[in-house]
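Asks: There's a structure below that I have some questions on.
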Amino acid sequence: MSPTTLQSMLLPTYPTPRVAFVEGDGVQLVDADGTRYLDFAAGIAVVSLGHRHPAPLAAAHAQLDRLWHASNLFATDPARVLATVLSERFAGAAEGCAVFRPGDGGFAGGASSPRAQAFFCNSGAEANEAALKYARKATGKRGVIALEQSFHGRTAGALSVTGQPSKRAGFEPLLDGVRFVAPNDVEGLRAAMSDEIGLVLLEPVLGEGGVIPLDAEFVAAAGELDALLAFDEVQTGVGRTGTFFAFEQLGIIPDLVTLAKGLANGLPIGCLLVADAAAGAFEPGDHGSTFGGNPVSCAAAIAVCETVDHALLAAVRANGERLRAGLVDLPHVVDVRGRGLLVGVELDVPAGPIVDAALDAGLVTLTSGANVLRLAPPLVVGELHVDQALTILREVM
Ligand SMILES: *Cc1c(COP(=O)(O)O)cnc(C)c1O
């Protein structure tokens with residue numbers, strides 16, 4: 001069958017792809033004709049260590065040869081170890097929140113640092129569904145404050161808290177009791193608060209809604225409200241912004257954190273972390289996932305977490321700066337923003353044609369809304385890759 005016929009067998013939930021990739025190698029992708037591309041999309045901020053990184057590759061291989069699945073009715077080590085690793089990273093991050101030191105990736109929590117328990121699932125949307133259910137059970141309240149332009153996933157609950165009318169159209173009514181506030185609008189946030197609100201759900205950097213970083217003042221105001229505070233770190237987590245969790249740079253410890261995209265370098269996984277401060281709401285039977293905690297995904301995720309160390313986080317921050325500095329004086333650029341290697345370039349023209357032209361020139365990029373070009377390369381990119389990407393973008397713009 002021709003590629004077009006094959007494509008027509010998939011439900012058309014995405015625009016028709018321009019390229020079919022058959023192989024990945026570090027920060028490069030290879031298409032069916034053998035053409036190589038520099039990957040500044042990383043499968044939408046997922047392939048965090050680059051394609052076929054030896055650490056998660058070896059860990060997943062070893063686990064594939066031992067045990068694929070046993071269900072959560074039984075204990076398996078990869079899920080338990082991953083939960084421990086994430087709890088330690090949470091403790092370290094909570095400590096780093098007090099004083100974020102840029103020279104320091106901020107981990108190795110002390111014995112007294114707050115820890116977290118994990119629930120594993122298979123995607124970002126599922127992680128946010130777990131957070132929504134957890135907050136209801138913990139607070140007895142249905143109301144949620146979320147942000148305009150936010151993105152939390154496509155399932156019914158996650159879509160209910162996604163502040164993008166175009167994604168909701170055709171599927172309403174969704175969950176009620178959700179109030180949307182403009183990012184960084186402290187007054188609007190306070191005005192939206194009421195007795196019915198049990199959860200405030202924030203992306204530290206709005207990844208799909210234009211790469212908008214939240215400021216510390218806004219997040220501090222959210223922390224003062226009498227509700228659970230959840231950070232959706234599905235896109236910003238696991239080193240993407242230059243610290244293991246993005247919330248470390250905002251100086252506030254959340255009650256709930258969701259992770260997914262970069263956690264297992266491309267294998268499906270999602271995670272809800274519940275901090276000690278909010279512990280105890282779920283009991284056996286309250287929630288579940290057949291595939292959640294899959295041993296192969298969890299083994300890969302452990303290797304990813306081990307690889308995201310101080311040195312890599314420092315490199316993410318440095319290369320992010322280099323990338324942003326090189327972008328500011330390109331044609332059509334109105335604003336350059338983001339944290340670490342999650343970078344948004346607001347343009348005075350639509351971003352879609354730039355993404356297409358860059359792809360034709362051998363660079364894979366993303367959009368984030370109509371006129372924002374998004375760059376989210378693997379965290380292992382070097383200065384040379386950053387400079388190559390800038391050269392291609394300069395040509396196509
Ligand atoms: C991608 C994303 C999601 C949804 O993740 P899926 O795995 O596609 O369900 C949720 N929240 C944020 C911030 C995301 O970037």
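Asks: Are any residues in the stretch 44-73 within 16 Å of the ligand (Cβ to nearest atom), more than 13 Å from residue 25 (Cα to Cα) and buried (at least 16 other Cβ atoms within 10 Å of the Cβ), and if so, which ones?
Replies: 45, 46
Asks: Here is a further query. For the stretch 70-81, state whether one or more residues are over 16 Å from residue 299 (Cα atoms) and of a type outside the set (S, T, N, Q). Before you say what the answer is, go through the steps one by one.
Replies: First pass over the stretch 70-81, keeping only residues over 16 Å from residue 299 (Cα atoms): 73-74.
From the residues that got through so far, the ones that are of a type outside the set (S, T, N, Q) too are 73-74.
For the stretch 70-81, residues over 16 Å from residue 299 (Cα atoms) and of a type outside the set (S, T, N, Q): present.
Asks: Is there any pair with a first residue in the stretch 126-149 that is within 18 Å of residue 222 (Cβ to Cβ) and modelled with pLDDT under 95 and a second that is open to solvent by 60 Å² or more (accessible area, probe 1.4 Å) and more than 14 Å from the ligand (Cβ to nearest atom) whose Cβ atoms are under 6 Å apart and which are 6 or more apart or on different chains, and what are they?
Replies: Going by the 6 Å Cβ cut-off, there are no qualifying pairs.
Asks: Now for a different question. Only one of 227, 169, 222, 192 is in contact with a strand residue (DSSP E or B) (Cβ under 7 Å, 6 or more places away or on another chain) and more than 28 Å from residue 90 (Cα to Cα). Can you tell me which?
Replies: 192
Asks: Then there's this: Hey, any hits in the stretch 279-294 for a residue that's surrounded by fewer than 17 Cβ atoms within 10 Å (Cβ to Cβ), out of contact with any helix residue (DSSP H, G or I) (no Cβ under 7 Å at 6 or more places or on another chain) and at pLDDT below 95?
Replies: Looking through the stretch 279-294, none of the residues is surrounded by fewer than 17 Cβ atoms within 10 Å (Cβ to Cβ), out of contact with any helix residue (DSSP H, G or I) (no Cβ under 7 Å at 6 or more places or on another chain) and at pLDDT below 95.
Asks: Collect the residues in the stretch 133-149 that are within 12 Å of the ligand (Cβ to nearest atom) and either assigned to a helix (DSSP H, G or I) or of a type in the set (S, T, N, Q) (or both), keeping them in residue-number order.
Replies: Correct list: 149 only.
Asks: Exactly one of these conditions fails for residue 201: (1) closer than 26 Å to residue 250 by Cβ; (2) within 16 Å of the ligand (Cβ to nearest atom); (3) in a loop (DSSP other than H, G, I, E, B). Give me its number.
Replies: (3)
Asks: Just need a number here: residues in the stretch 242-265 that are open to solvent by less than 20 Å² (accessible area, probe 1.4 Å) and within 23 Å of residue 277 (Cβ to Cβ).
Replies: Residues flagged as open to solvent by less than 20 Å² (accessible area, probe 1.4 Å) and within 23 Å of residue 277 (Cβ to Cβ) within the stretch 242-265 amount to 13.
Asks: Just give me the residues in the stretch 150-177 being in contact (Cβ under 8 Å) with a residue 12 or more places away in the chain, more than 12 Å from the ligand (Cβ to nearest atom) and open to solvent by 10 Å² or more (accessible area, probe 1.4 Å), in sequence order.
Replies: 156, 171, 174, 175, 176, 177
Asks: Quickly run through the stretch 92-106 and pick out the residues that are over 16 Å from residue 216 (Cα atoms) and either open to solvent by 70 Å² or more (accessible area, probe 1.4 Å) or modelled with pLDDT of 50 or more (or both).
Replies: 92, 95, 103
The values are calculated or read from the model by the stated rules, or taken from the named source; none is laboratory data. A quick note: this is a predicted structure, and the numbers were derived from the prediction, not measured. All Cβ positions, glycine included, derive from the backbone under ideal geometry; neighbour counts span all protein chains shown. SASA here: full protein model, heavy atoms, side chains in, ligands and nucleic acids out. Shrake-Rupley method; radii C 1.70, N 1.55, O 1.52, S 1.80 Å.
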